[in-house]
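The values are calculated or read from the model by the stated rules, or taken from the named source; none is laboratory data. A quick note: this is a predicted structure, and the numbers were derived from the prediction, not measured. Cβ placement follows ideal geometry from the backbone for every residue including glycine, while neighbour counts extend to all protein chains displayed.
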Amino acid sequence: MLGRSPEAAMYQYQHHVRAQGNNVDGLLRKLNNLLSNHFNQPGIDVNQAKIVTNYIKFLEWQKCASVPALSNKSVMECLSHCCAHHWTETAGKVMSPLTLSQQQQITPLQYDWVVLNVHAKLKNWEIVESIFTRKDWFGRSTVSSHIPLTMVIARLHELGSSRRLIATFVNKISNTDEKLQIATHFKVHSVVIETLAKQKDRQALVNYKMALNPQSEEYILAENTLRTPSIKWKN
């Protein structure tokens with residue numbers, strides 16, 4: 001029987017969670033008893049015990065938060081709520097996104113993804129920019145995100161971000177060819193025009209201009225760039 005105790009303990013844990021309902025106090029008692037009586041035995045996976053411990057902490061957090069809408073919600077759903085409604089609360093306060101993420105050991109990648117989606121959906125573009133860009137020692141703006149930069153750009157585009165903000169992130173791509181490819185794909189015209197000008201590729205810029213709407217802001221920018229006397233075109 002002892003050989004089956006780890007499996008039996010996890011089965012009981014899963015059963016209690018599925019049958020939770022709205023009785024958080026009752027579930028907490030059951031899980032605390034389960035943790036004390038079954039997850040301290042030899043042969044129990046420490047990672048399994050950690051799962052139970054973290055879930056107990058999460059239930060205690062939900063109880064302390066006392067927000068009916070968060071009942072039976074996942075950790076990520078609760079984090080989304082905190083980001084949307086309690087973003088300015090500092091670490092240590094119950095509803096602070098940082099408090100919940102630290103308590104539940106949410107990875108930096110998971111945290112950044114939730115933050116990006118919450119504030120982009122709310123059209124909080126200034127917050128998005130302030131979170132994912134930093135100033136270096138020389139005052140230059142750099143991207144600070146655990147999410148791959150191309151994924152950030154794609155998600156911002158999907159959620160209707162301003163062209164200016166998307167251009168800000170596209171401009172942070174260090175590889176010129178990749179930057180040009182991404183800018184072209186997402187129609188970030190200003191970055192395409194600027195990059196082709198830096199490459200001194202007049203013919204490519206002429207071809208790109210022809211695909212733009214005449215008299216549009218981007219068309220005029222391309223025309224003015226082609227007329228810039230300081231650029232020594234290679235073709």
Using the structure shown, decide if Ser190 is hydroxyl-bearing (Ser, Thr, Tyr) and either in contact with a Lys or Arg (Cβ under 7 Å, 6 or more places away or on another chain) or closer than 21 Å to Trp125 by Cβ (or both). yes
Looking at Val143, is it within 16 Å of the chain's Cα centre (by Cα), modelled with pLDDT of 95 or more and hydrophobic (A, V, I, L, M, F, W, C)? no
Take the conditions under 17 Å from Ala19 (Cα atoms) and surrounded by 18 or more Cβ atoms within 10 Å (Cβ to Cβ) and apply them to Val52. Does it pass? yes
Looking at this structure, is Glu7 acidic (Asp, Glu), out of contact with any strand residue (DSSP E or B) (no Cβ under 8 Å at 6 or more places or on another chain) and either outside any helix (DSSP H, G or I) or under 30 Å from Ile127 (Cα atoms) (or both)? no
Residue pairs qualifying under the 7 Å Cβ cut-off, at least six apart or on distinct chains, with the first in the stretch 159-183 being more than 17 Å from Pro148 (Cα to Cα) and the second being outside any helix (DSSP H, G or I), are Arg163/Val188
Helices (runs of 4 or more DSSP H) lying entirely in the stretch 13-97 (those with 1 or more residues that are within 23 Å of the chain's Cα centre (by Cα) and under 24 Å from Trp113 (Cα atoms)): 46-65, 75-85
Looking at Phe132, is it touching a His at 6+ places or on another chain (Cβ under 6 Å) and crowded, with 16+ Cβ neighbours inside 10 Å? no
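Residues checked against (1) small (Gly, Ala, Ser); (2) part of a helix (DSSP H, G or I):
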{"position": "Val191", "(1), (2)": "no, yes"}
{"position": "Thr195", "(1), (2)": "no, yes"}
{"position": "Ala204", "(1), (2)": "yes, yes"}
{"position": "Lys209", "(1), (2)": "no, yes"}
{"position": "Asn213", "(1), (2)": "no, no"}
{"position": "Asn224", "(1), (2)": "no, yes"}
{"position": "Thr228", "(1), (2)": "no, no"}
{"position": "Ile231", "(1), (2)": "no, no"}
{"position": "Asn235", "(1), (2)": "no, no"}
Among Val192, Val118, the single one that is farther than 28 Å from Trp87 by Cβ, modelled with pLDDT of 95 or more, in contact with a Ser or Thr (Cβ under 6 Å, 6 or more places away or on another chain) and β-branched (Val, Ile, Thr) is Val192
Pro148 fails exactly one of the following numbered conditions: (1) over 30 Å from Arg29 (Cβ atoms); (2) surrounded by 12 or more Cβ atoms within 10 Å (Cβ to Cβ); (3) within 12 Å of the chain's Cα centre (by Cα). What is the number of that condition? (2)
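Which of the residues belonging to the stretch 111-134 are outside any helix (DSSP H, G or I) and at negative phi? Write out each step before concluding.
To start, the set of residues in the stretch 111-134 that are outside any helix (DSSP H, G or I) comprises 122-124, 133-134.
Matches in the stretch 111-134: Leu122, Asn124, Thr133, Arg134.
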Selection from the stretch 78-117 of residues that are surrounded by fewer than 13 Cβ atoms within 10 Å (Cβ to Cβ) and among the small types (Gly, Ala, Ser): Ala91, Gly92
I need the full set of residues from the stretch 198-216 which are touching a helix residue (DSSP H, G or I) at 6+ places or on another chain (Cβ under 8 Å) and without any contact (Cβ under 8 Å) to a residue 12 or more places away in the chain, in order please. Ala204, Asn213
Residue ID - farthest from Val188 (Cα to Cα), chosen from residues in the stretch 138-178 that are of a type in the set (Val, Ile, Thr) and not in a helix (DSSP H, G or I): Ile147
Filtering the stretch 180-225 down to residues that are among the basic types (Lys, Arg) and over 21 Å from Leu165 (Cβ atoms), which residue is surrounded by the most Cβ atoms within 10 Å (Cβ to Cβ)? Lys209
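For the stretch 226-235, name all the residues that are in contact (Cβ under 8 Å) with a residue 12 or more places away in the chain and either surrounded by fewer than 16 Cβ atoms within 10 Å (Cβ to Cβ) or under 36 Å from the mean Cα position of the chain (by Cα) (or both).
Once the filter is applied, which keeps residues that are in contact (Cβ under 8 Å) with a residue 12 or more places away in the chain and either surrounded by fewer than 16 Cβ atoms within 10 Å (Cβ to Cβ) or under 36 Å from the mean Cα position of the chain (by Cα) (or both), the stretch 226-235 yields Thr228, Ile231, Lys232, Trp233, Lys234, Asn235.
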